[in-house]
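The values are calculated or read from the model by the stated rules, or taken from the named source; none is laboratory data. Computed from a prediction, not measured in an experiment: that's the story for all the values here. Reconstructed Cβ throughout: ideal geometry from the backbone, glycine too, with neighbour counts over all protein chains shown. We work out accessible area using only protein heavy atoms, side chains counted, and drop any ligands, DNA or RNA first. Shrake-Rupley method; radii C 1.70, N 1.55, O 1.52, S 1.80 Å.
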Amino acid sequence: MLGLIGKLFGLSALAGLLTMALVAPVAAVGGYAASAGVSIFEGLPDYIKPVNASQASNLYATKDGEPVVVATFYHENRISVDYDQMSPNIRNAVVATEDPRFFIHGGVDFISLARATVGVAASGLSGPGASTITMQYVKNSLVEAANLSGDEEAIAAATVNTIDRKLKEIRLAIALEAVATKKEILAGYLNLSFFGNQINGIEAASNYYFGVKARDLTVPQAALLAAMLKAPNSYKPDDPANLPVAKERRDYVIDNMRDEGYITSAEASSYKAEPIEPNITKAPTGCEANQQTAYFCDYVVWTIRNSPDFGLAIEDRETILRRGGLEIYSTMDLDLQNTTDKIVKREMPIDNEWSLGAASVSVEVGPGRVLSMSQNRIFDQNSDEDPTTTSVNYSTDRAYGGSSGFQTGSTYKIFVLAEWLSKGFLLGDRVDARKREWNSEEFSARCGGLVGTWEPQNSNDEKYVNETVLRSTTRSINTSYVSMASQLDLCDIRDMAQRLGVKRADGNELSYVPSSVLGTNELSPMSLAGAMAGFANQGVYCSPIAIDRVVVRGTGKEMRVPTSQCAQAMTPEVAAAATYAFQQVIAGGTGTRSQIKDDVPIAGKTGTSDSSVQTWMTGFSTEVATATWVGNVSGAIKLDNTSIRGLYGGGVRHEIWRKVMTKANKLYGGQAFPAPPEVYLGASKVVMPDINALLPADAEEFVKIAGLSVKISKTQVLSLNPVGTVAFADYEAGTEVIRGSLVTIYISKGGEVVVPDVAGLTVAEAKATLLAAGFSAVSEPQLSQPQFFVTSSTVPKGSVVGTSPGAGTPAEGLGAILLIISKGPN
C-alpha cells in the first residue's frame, strides 16, 4: 500500500509540475528552448542531425563514371529518411497507438499523464504510458547521445526510471516543440526507434522485414512495425514463435487506426484477416558482403582507422564509420576491380591443394589512386581454421590489416638500378657476373656495420662472366647485381627504396645487408605497385590513396581525407633510363610471358625468392602500375615444381599480371615512355692503369679502383719480370676501356721468353704452340698486309712460314705475334 501511495504521490507531483509548465508563458518556454532545451541536442556529435541520429555509412566504387555502393557499415542498422519518405500508413499507425493527440499537444499530453496517474492509483500497476512521441524521441536522443559518447554514467542517467529523468524529458520535449515541427519530431522518432535485430529506424526495418522501402509500407505491414515499438524482440516476425502474439498486437494497432479515423471498419476487418507475411531481406553489410571488393573495402576501413582526419582516437574513427552516415567515395574502379578479382581467383584457385596465395594491386600513375586490389581468399573475420578464408589482406602492410609481407626476390633490383644510374653509372657499363664468395668488407654501408660472408647464386645454370648492366637487368643476373651493389652504398640503395614509398610490411626498418639487394626484405604488393608507379611518373613517387572524398549524409559536409603525398625520388632522366631497361625485361628477358598484345607500351620486372617460394611480376604503363604476387602464405612449396591448371606455379604471376594490365590498358590507355638520354644507354670509359711488374694483390686493387673487373690467370707465363709479379694484362696501360670490363692479369714465372719455331705448322697448330709458350696475342695477317704472305717451295699454301718477331728472338710474353703465311710455290 505504501508503494502505491508513493507512486501516486510521485505522479501527482509530476502532474502538478507539468501543469505549471503548460500554463507558463509562451515567451518563457521559448526562452528555455533557446537555451537549455536546444543545447542538449546541439551536444550531439556534429555529424548527426537531431532528427536523424546515428546512420550507416556507405562505401562507393566507380563504374562507368557513376558511384556504386559496394559496402555498408553500421553499429545499428539504420537508414534515416525524411518524413515524406515514410508511408502515411506508418505515420498513422504510430500516432494512433503511441500518441493520438500528437498533432495537437505541445510536447506533453496532460490528459494522458492524468490518466496514467489514476491508473496507478486504481490498479497498483504501471498503467498506460504518459510519454508522448516527443518525450519518447527526447529519451531516445539522450540515450543515443550517451551511447555515442561511451560515457557509462550518461547512459545510466538517460535510462534510469526516476522522476528527475521524466521531468528532464518533459522540459526538453516542450523546448523541442518550440524549435522543431511535428513532422521533424515524428520523423526523428521513427528514425531512432529500435525494431529488434540491431535494426534501428523505420527504413531499415521496412527493408529487412518486408523487403520494401518505408514509403511503400501497406497498412498491415505498418501496423506490425508500429506494434513492435512496445517490445521489438517479442513481436519481430522473423521468429516464427512470435507470430501469434505479433498478430494480436498488430490487430490492436489496426483497431487504433480505425478508432482514430485513419481507416474504415471494413478496411480494418480486411487487414486483420491477412496473415503476417514477412519477406526477410538481409542486407549484406560490411566488407564481407561483397567478396569481389572485400579486400579493397577492408583497406579503406583501415585507412579510416589509421587517419586522424576521422578522429583523434581510433575509437572515434570506428564510431564515425559505423554511426556517422558517411558517403565514402573510394578510388576503386569497379570494372578493373571485378576483372582483377576474377583473374586472381581463376589463375590461382581459392581451394588449390597447396593453399598457395595470390594477390594483385593496381595504382593509377600520378594521382596514386588505388584502382583495384584482390586476392585468392574469402574475406572472413571470424574463421581461423579454414585455409580458404582469411581477414589478412595480402596486398597491404600489417598496419593496414595486411600480412608481414613476402620476400620480393629480384624485384628489389629496381632500387639497385635506380641508385646505380643516379650515381652516374650507365646501362652499357659492364660488371663482374662470376659466382664467388663475398666478404662483408667488400660492401659499403654508411648507416651501420656488416659482418660475415655470402655466396649468392643465380636462378639458372648459365655461367656468366662479364655482363652489361642492361643484360644483367633483362636476364635478372643476381651475381651482376651484387657486383653493382658493391660499387654503391647499401644504405643509399635502402634510401632509394624508401623514397619510392617502400617499407617492410611488418613495420620494421628495411634491411640493408648485402643480401637485401636480391630481395630478402618482406614487402607488400601495395608497396611495389606504388614504387613502380614512381618510375612511370618520371621519378616522382606519390603515396597510394584509397579514398577520393567523404560526404556526411544529410548535411552535405565534406570531410578532410588522406591525400597523396608526392616527392621526387630520382631524376626524370634516371627514371627514363631504368624504364628503358624494364621494357627490355618484357620484350626479351625474364618477363616475356607478360607481354601484352596491344599497342600500349609496358615495362616491368620479375622477382623470385630462393627456391621459388615467392614469385612476383611488377610493371607499368604510363597510366597504371600493377604488382602481382603468387607464393606461399606459410610453408615452402617450390612454385617452379608445382603445376596449377596445367601451368607451372612460376608462370601464374605472368598470367595474372598480363590479364589485369590488358584490362587496365583498355580502360586507361597509355603513351610512349619518355626516351632516356643517349648517354645512359652507352658505357662510360675508364683508363687501364699501369700494373706491369706489380704484385698480383696490388695490381688487382689498382684495376678495381679504376672501375674494372679482374681475373688473375691460373697459368703463369714466361716473362722478364720477376717471378710472381704481373707479366702483362689483356689491356695495355693507358687504354680506354668500358667500365667494368674484365681484365685478365697474367703472372710471370720468370725466364727469357724465346719465340718458338712454328714453320711448317698449320695456322691452328702455330697459334696453339705460341699461346702455350705464354704469348697472349697471336694473329693472322690481313689481305691488306701482302708482305706477310710469301712464296715457299717447302711449306704448303696456307700454312705458317714463320713469325714476326722471328723464331729464336727473345721477347716478352706481352708481345703480340703475327704469323707469316705461305702462298705456296710460284
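One table, with the values for the structure above:
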| item | result |
| --- | --- |
| Test result for GLY751, within 23 Å of ASP698 (Cβ to Cβ) and more than 60 Å from the chain's Cα centre (by Cα) | yes |
| Residues that are assigned to a loop (DSSP other than H, G, I, E, B), modelled with pLDDT of 90 or more and either in contact with a Ser or Thr (Cβ under 8 Å, 6 or more places away or on another chain) or closer than 29 Å to THR744 by Cα (or both), drawn from region 786-805 | SER792, VAL795, PRO796, LYS797, GLY798, SER799 |
| Residue check, TYR299 part of a helix (DSSP H, G or I) and either at positive phi or surrounded by fewer than 17 Cβ atoms within 10 Å (Cβ to Cβ) (or both) | no |
| Within region 735-747, tally of residues that are in contact (Cβ under 8 Å) with a residue 60 or more places away in the chain and open to solvent by less than 20 Å² (accessible area, probe 1.4 Å) | 2 |
| Options GLU732, GLU701; residue that is closer than 26 Å to SER480 by Cβ and surrounded by fewer than 16 Cβ atoms within 10 Å (Cβ to Cβ) | GLU701 |
| Cross-chain or 6+ apart pairs with Cβ under 7 Å, region 208-233 first and closer than 22 Å to ASP82 by Cβ, then among the aliphatic types (A, V, I, L, M) and open to solvent by 40 Å² or more (accessible area, probe 1.4 Å) | TYR208/ILE280; TYR208/ALA283; TYR209/ILE280 |
| Candidate set: region 76-93, residues that are assigned to a helix (DSSP H, G or I) and within 30 Å of ILE320 (Cβ to Cβ); chosen: the one least open to solvent (accessible area, probe 1.4 Å) | ILE90 |
| Qualifying positions in region 757-801 - of a type outside the set (S, T, N, Q), within 30 Å of VAL726 (Cα to Cα) and surrounded by 19 or more Cβ atoms within 10 Å (Cβ to Cβ) | VAL758, ALA766, LYS767, LEU770, GLY774, PHE775, VAL778 |
| Pairs, first free of Cβ contacts under 8 Å to residues at least 24 places away in the same chain in region 500-519, second of a type in the set (Lys, Arg) and part of a loop (DSSP other than H, G, I, E, B), C-beta under 6 Å, six or more apart | LEU510/ARG504 |
| Strands (runs of 3 or more DSSP E) contained entirely in region 563-650, each with at least 2 residues that are in contact with a helix residue (DSSP H, G or I) (Cβ under 9 Å, 6 or more places away or on another chain) and surrounded by 24 or more Cβ atoms within 10 Å (Cβ to Cβ) | 603-608, 614-620, 624-631 |
| Criterion (on the phi < 0 side of the Ramachandran plot, touching a helix residue (DSSP H, G or I) at 6+ places or on another chain (Cβ under 8 Å) and modelled with pLDDT under 90) met by exactly one of THR293, THR281, THR285 | THR281 |
| Qualifying residue in region 681-693 (condition: part of a helix (DSSP H, G or I) and within 28 Å of TYR541 (Cα to Cα)) | yes |
| Breaking point among (1) crowded, with 21+ Cβ neighbours inside 10 Å; (2) at pLDDT 95 or above; (3) touching a strand residue (DSSP E or B) at 6+ places or on another chain (Cβ under 8 Å), for ALA96 | (3) |
| Residue among PRO240, PRO275 that is over 27 Å from ARG323 (Cβ atoms) and without any contact (Cβ under 8 Å) to a residue 24 or more places away in the chain | PRO240 |
